Amino acid sequence: MKKTILLLLLVVAASASLVSAQSRRNLRINEIMVLNDSNYVDDYGRHSAWIELFNTTHAPLNIASVFITNNRDVLNPDLEAGDRKALMYAVPLDDILTKIPKRQHVVFWADGRPTLGTFHTSFTLRPGEENWIGVYDSDGRTLIDSVTIPASLEANHSYARKIDGIDTDENGKKLGAAAWEIRDDSKEFPITPSSCNKIRETNDKIDMFAREDENGFAMAIMAMGIVFTALLLLCVCFYIISKIGERVSTHNRAVSQGTSRAEMPTEKRKEHDSGEAIAAIAMALHEHLDAHDRENTVLTINKVKRAYSPWSSKIYSLRSLPHK
Amino acid sequence: MDFSEFLLNNLEQFWNLTGFHNATWQHFVMLAVGLFFIWLAIKKNFEPMLLVPIGFGMLIGNIPFDTTAGLEVGIYEEGSVLNILYNGVSAGWYPPLIFLGIGAMTDFSALIANPKLMLIGAAAQFGIFGAYMVALLLGFAPDQAGAIAIIGGADGPTAIFLSSKLAPNLMGAIAVSAYSYMALVPVIQPPIMRLFTTKKERLIKMKPARAVSQNEKIIFPIVGMLLTCFVVPSGIPLLGMLFFGNLLRECGVCNRLAKTASNALTDIVTILLGMTVGASTQASEFLTAQTVGIFALGFMAFIIASSSGVLFVKLFNLVLPKAKKINPLIGNAGVSAVPMSARISNNLGLEYDPSNYLLMHAMGPNVAGVIGSAVAAGVLLGFLA
């Protein structure tokens, strides 16, 4: 019993850590500004480079103990774990702000002053040069996401994903650099620290239905088609299952009678017994056998056992009489 | 300020907090509606398990009070007890629990014995999409139209689940409308069934269903869940719980769980769901022209659903051999008001032929309607969320 409980606990713990690790792998670098002269300001009123991360999942995601770095040396697979971690900024534990709500963003200031708070990294970015940024899982070895920012990125321009968290096309093909664009804070290419890169004012799907399917015919036909398909599938499936069941029971009957299925009589009863026929037979038997008369004189005594429980015992709920 | 003045000020403040001071005519209208629901349930026996909690919830939700006083008593005030209970409705976790109970209560034998009856359950869902088209015509946005149209599925939990996702602001009206029409099924459906059938069709006798083995009953919820959820993953909360409840019932080794799911759990959730849905109909939120539109659309959706079920059976009969014809009186049971609409099929069948019991045949499309409406809700959620 103890072994079973231990095994169960181990399985639960393992699956919990797996779920946590898997969800952290859905973290994405979403937007970066390398040279910030007059853009977003941190809590201390200073302009610094920033890196925006995005939780692509539909569940809160705690990024404590995730590593962020701009040092390409960590790409060396032969590097020891300790040396590797020393090259990266570890997101501190025990800060509730590291829990990113579903489909939300968090901004890290790449100002090289981690003492200013959780969201200030230990490294800075280099303007005018190609910058590489990587996000590693808590083991310091599993690369979650990385991006190379072109050296041509101007001051107060950001390098952002076109659509939040998306790095593949409709067919699942990796887009690479094509998923990114340079933003100059114009109306067409807004810079959006800590908010969505693609601002959705309305639901595209609903807009499309409202525009292209004014009468709702397409929706009705399509949806009814799906409903019919689902139930038709179920119908066909159960037709097949009932046929298989019939064959299996015939086979079992044949085996029990020591014959083969082919030799079993194939003649089927033309109709099932109707309820009326069964009721008539039962009544006739009752009349004929007079089956229930003896029971009238039989007295049955059932032993009723009530399990004792101190929780329901009255003596525990009554106050004792005061001593005189 | 002397003490008498102080007391008077306090009395005035107290008066300002009372229902008498804050009452509007809209509150009295909603209180009257709540009382009407309770009267329908107790006196007319229309779905009392639902209408009593909803009706009393309406009374609770429409006690006038000063909403600016920060009393934290209203259902829409965060942190209030009613608001905490309402979370099951607004976050949509009461309906799947009710579906668990429905699954644990439902015997799918009639459907397994005659799988083609599932198609009637699918056909009746046309009520949903017919109402969707009319709602669009009336100027509702597609997501609102989808939420309103689900009333045609005749399934309260499904209507609440979908409206909480697509149009949370309309949920109170949609839920009350769905439950009201479900209670009025015995009034709405028989005239439609008579209208679309001939006397000869009403006399069709169907063969008794074959006996279904225990193995088939166990396989049904597993295969049913896998198939329907693979087609419509957005229906997982409803379909998953429905089939899970049914597996508890049929597997034979979880009797205690099945009993709890079908009795205690369903009763608890029904009480909370009914009461909070009723309380969510606060006059200020509920008494609008939109609500009238929703009730009209819901009524129409019910009529389309019942009619399309009956007409589909007539159409189906054209391709069926004479010995396997289906009595179109079971077509109305394609809406998922279980087991009310199946009982209506049975009663109407007996009215025309006292030896023609249609109940077990009608239970097939009836439970298929539950699956069908959950699938339809999943489709609408997938398309419009």
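Any read-out appearing in this document is the output of simple, stated calculations on the displayed coordinates, not a laboratory observation. All of these numbers come straight from a predicted model, not from anything done at the bench. Cβ placement follows ideal geometry from the backbone for every residue including glycine, while neighbour counts extend to all protein chains displayed.
Close amide H partners of A:I149, meaning residues 5 or more places away or on another chain with modelled amide H under 5 Å apart, are A:N131, A:W132, A:I133. At the listed q of 0.06, 0.11, 0.12, 0.13 Å⁻¹, the Debye profile of chain B, built from one uniform point per Cα, gives log10 I(q)/I(0) equal to -0.25, -0.76, -0.89, -1.03.
Dividing the summed -39500 (n - 2.57) terms of all DSSP H runs of n ≥ 4 by the residue count of chain B sets its mean residue ellipticity at 222 nm at -21500 deg cm²/dmol. A Förster radius of 41 Å combined with the Cβ-Cβ distance from A:A284 to B:C251 puts the calculated FRET efficiency at roughly 0.65. Based on the alpha-carbon gyration tensor of the stretch B:65-151 and its eigenvalue square roots a ≥ b ≥ c, which shape applies: rounded if a/c is under 1.5, prolate if not and a/b is larger than b/c, or oblate? The shape class here is oblate. Quick check: from the Cα gyration tensor, does the stretch A:25-200 come out rounded (a/c under 1.5), prolate or oblate? Judged from the Cα gyration tensor, the stretch A:25-200 comes out rounded (a/c under 1.5).
For the stretch A:89-103, 3J(HN,Hα) computed residue by residue from phi via the Karplus equation (6.51, -1.76, 1.60; θ = phi - 60°) reads 9, 8, 5, x, 7, 6, 10, 5, 6, 7, 8, 8, x, 4, 6 Hz, glycine and proline entered as x.
Between A:L79 and A:E170, the C-beta separation translates, for a Förster distance of 35 Å, into a calculated FRET efficiency of about 0.40.
In a fully extended conformation the segment linking A:N302 and A:S194 would gain 31.6 nm over its present Cα-Cα distance, using 0.36 nm per residue.
Taking every full run of DSSP H in chain B, the ones that stretch at least 27 Å from end to end by Cα along their long axis and average 0.0 or higher on the Kyte-Doolittle scale are B:289-317, B:359-384.
FRET efficiency for the pair B:K259 and A:N215, taken as 1/(1 + (r/R0)^6) with r the Cβ-Cβ distance and R0 = 41 Å, rounds to 0.25. The distance separating the Cα centre of the stretch B:41-83 from that of the stretch B:323-356 comes to 36 Å. Compared with the alpha-carbon gap, the fully stretched path from B:S355 to B:V29 is longer by 112.7 nm at 0.36 nm per residue. Amide hydrogen proximity for A:I144: with H placed 1.01 Å from N in the peptide plane, the residues at 5 or more positions away or on another chain lying under 5 Å are A:V135, A:Y136, A:D137.
The Cβ shell under 13 Å around A:I100 holds other residues with a net charge of +2, Lys and Arg each +1, Asp and Glu each -1. Derived scalar couplings between HN and Hα for the stretch A:72-80 equal 5, 4, 5, 6, 5, x, 7, 5, 5 Hz in order, rounded to whole Hz, by the Karplus curve 6.51 cos²θ - 1.76 cosθ + 1.60 (θ = phi - 60°), x for Gly and Pro. Under 1.5 on a/c is rounded, so check that first for the stretch B:222-369, then, if it is not, pick prolate when a/b is larger than b/c and oblate when it is not; a ≥ b ≥ c are the square roots of the alpha carbon gyration tensor eigenvalues. Verdict is oblate for the stretch B:222-369. Computed over chain B with a Gaussian network model linking Cα atoms closer than 10 Å, the most mobile of B:V73, B:V319, B:V33 is B:V319. Near A:L61, the amide H atoms lying under 5 Å from its own belong to A:I100; only residues 5 or more places off or on other chains count, and H is placed 1.01 Å from N.
Mean partner shielding of peptide A:209-222, defined as the number of other chain Cβ atoms within 10 Å of each residue Cβ, is 5. Once Rh is set to the Kirkwood radius over Cα pairs, what Stokes-Einstein translational diffusion coefficient, in µm²/s, holds for the stretch B:158-252 at a temperature of 25 °C and a viscosity of 0.890 mPa s? Estimated diffusion coefficient is 144 µm²/s. Multiplying the residue separation of B:A69 and B:F6 by 0.36 nm and removing their Cα-Cα distance gives an extension gain of 20.7 nm. With a 10 Å cut-off around each Cβ of B:228-239, the average count of Cβ atoms from other chains is 2.
Computed over all pairs of different Cα atoms, the Kirkwood value for the hydrodynamic radius of the stretch A:107-251 is 20.9 Å. Which links in A:K243/B:K116; B:K205/B:K322; B:K217/B:K322; A:K303/B:K259; B:K44/B:K205 stretch past 21 Å when you go from one Cα to the other? Long pairs (Cα-Cα over 21 Å): B:K217/B:K322; A:K303/B:K259; B:K44/B:K205. Note: relative contact order over chain B, using C-alpha pairs below 8 Å and six or more positions apart, is 28 percent. For the stretch B:1-119, the normalised intensity computed at q = 0.10 Å⁻¹ comes to -0.54 (log10 of I(q)/I(0), Debye sum over alpha carbons, equal scatterers, no solvent).
Taking only the Cα atoms of the protein assembly as shown, the radius of gyration and Dmax are 32.7, 109 Å. Here the stretch B:66-106 is scanned for amide nitrogen atoms under 12 Å from the site 7 Å beyond the Cα of B:F14 along Cα-to-Cβ, giving none.
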